[in-house]
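Each value in this text was obtained by applying a stated rule to the coordinates, not by laboratory testing. Owing to the predicted nature of the structure, the values given are computational and were not obtained by experimental measurement. With ideal geometry, Cβ positions are generated from the backbone for all residues, glycine too; neighbour counts draw on all protein chains shown.
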Amino acid sequence: MSSVRLIIAFACLQASYSFALSVTEQIHNYINLVEIPRLASVYPDADIKIDLNNQAALSYLPDCQDTKITIENQRPNASKRTTYAISCTSPEWKSFVPVTQTILISAIKATSPINRGQTINQQNTDIGQVDITSLRGQVFTKSHPPYGLIASRNLRINAFITDNVTKQPTLIKKGERILITARTGNIVVKMNGKALENGIKGQQIRVQNTSSGRIIYAKVVTDSEVLVNY
């Protein structure tokens, strides 16, 4: 939903009763009726909290005779900090209110130190609550776990695991014997081969057909098979 439509929607919601509310109360209504539902649609299972910063400054604003105070989120795509622009037409004034957002979700964290290069699994992780606005990268959740990935750096106990501290494991190592599957339409041919370089799942690596000696590029499928599409 665009910021323009959010303003219109909020104006309709507040029209019947906003005349009796202070500026602070109207902002809190905007938070509860517009911003929290909007963020909840992006983070469905999150516990969302929005705090006004420097709230005392609002008491110095002139009383607004217009019942339709306009409130607009200046950075709707921001996760942690944003600013609300609030304005009145009678008397005419405009002000800006800094806002801090907290978005708590259940995510996967380390239950013991995980060393760089170590595999992440259910034994060294658990579920915990984390404010995703304080993290870099995308967290892993119960429905999207990081099991089988490798830590790209040392992780401390209780550290939440994100995509920027993990990497895919090496499935095929240079020199290993592998199965090369070649596919053309409905025709599938399998042959023995040798990996000429390391590879992770989905990566194109050089392999050699053992029988012909031919070197080709193939996609890593499993820890023992690569695929060539013609």
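Separation of segment 187-230 and segment 52-119 by C-alpha centroid, Å?
Each part reduced to its Cα centre gives a spacing of 52 Å.
Please determine, in degrees from 0 to 90 and to the nearest 10, the orientation of helix 3-14 with respect to the longest principal axis defined by the Cα atoms of the chain, where the helix direction is its Cα long axis.
For helix 3-14, the angle is close to 40 degrees.
Among the lysines, which fall within straight-line cross-link reach of residue 68, defined as a Cα-Cα distance under 20 Å, with same-chain neighbours fewer than 8 residues apart omitted?
Straight-line reach from residue 68, under 20 Å: 94.
Among (i) 43, 24, 16; (ii) 31, 22, 16; (iii) 56, 21, 13, find the value of semi-axes √(5λ) of the Cα gyration tensor in Å that was calculated from the structure presented, and write down its label.
Working out semi-axes √(5λ) of the Cα gyration tensor in Å from the coordinates points to (iii).
If I model a spin label at residue 203 and residue 116 as a point 7 Å from the Cα along the Cα→Cβ vector, what separation in nanometres do I get?
Placing both labels 7 Å beyond Cα along the Cβ direction yields 1.7 nm.
Whole-Hz Karplus ³J(HN,Hα) for segment 88-101, in order, using 6.51 cos²θ - 1.76 cosθ + 1.60 and θ = phi - 60°, x for Gly and Pro?
Computed from phi, the couplings for segment 88-101 are 9, 9, 8, x, 7, 7, 9, 9, 10, 10, x, 9, 10, 10 Hz.
Express in nm, to one decimal, how much length is gained between residue 177 and residue 143 on full extension, taking 0.36 nm for each residue of separation and deducting their alpha carbon distance.
8.8 nm
Would you work out which of 135, 227, 43 lies farthest towards the positive end of the dipole of the chain, given +1 charges on the beta-carbon of Lys and Arg and -1 on that of Asp and Glu, about the Cα centre?
227
Give me the aspartates and glutamates in straight-line cross-link reach of residue 109: C-alpha distance below 17 Å, same-chain residues under 8 apart excluded.
By straight Cα distance, residue 109 reaches 126, 131, 163.
Give 142/173; 142/174; 173/219 a once-over and call out the pairs whose C-alpha atoms are over 22 Å from each other.
142/173; 142/174
Return the single residue from 147, 217, 60 with maximal mean-square fluctuation; model: Gaussian network over the chain, springs between Cα atoms under 10 Å.
In the Gaussian network model the winner is 60.
Assuming 0.36 nm per residue, please report the length gained on full extension of the stretch residue 49 to residue 80 beyond their Cα-Cα distance.
Stretched out fully, the residue 49 to residue 80 stretch lengthens by 10.1 nm.
Could you please rank 200, 114, 86, placing first whichever residue has the fewest other Cβ atoms within 10 Å of its Cβ?
200, 86, 114
When the helix-only estimate is applied to the chain (DSSP H runs of n ≥ 4, each -39,500 (n - 2.57), divided by the residue count), what is the mean residue ellipticity at 222 nm, nearest 500 deg cm²/dmol?
Taking each H run of at least 4 residues, the total per residue is -3500 deg cm²/dmol.
Given contacts defined as C-alpha pairs under 8 Å and at least six residues apart, what's the relative contact order of the chain, whole-number percent?
12
So if the hydrodynamic radius of segment 104-167 is defined as the Kirkwood radius over C-alpha pairs, what does Stokes-Einstein give as its diffusion coefficient at 20 °C and 1.002 mPa s, in µm² per second?
In µm²/s, the coefficient rounds to 190.
Using Cβ contacts closer than 10 Å as the measure, can you line up 75, 156 from fewest to most?
In increasing order of surrounding Cβ atoms, one gets 156, 75.
What's the extension gain from residue 104 to residue 36 if we count 0.36 nm per residue and subtract their Cα-Cα distance?
Difference between extended and current length: 23.2 nm.
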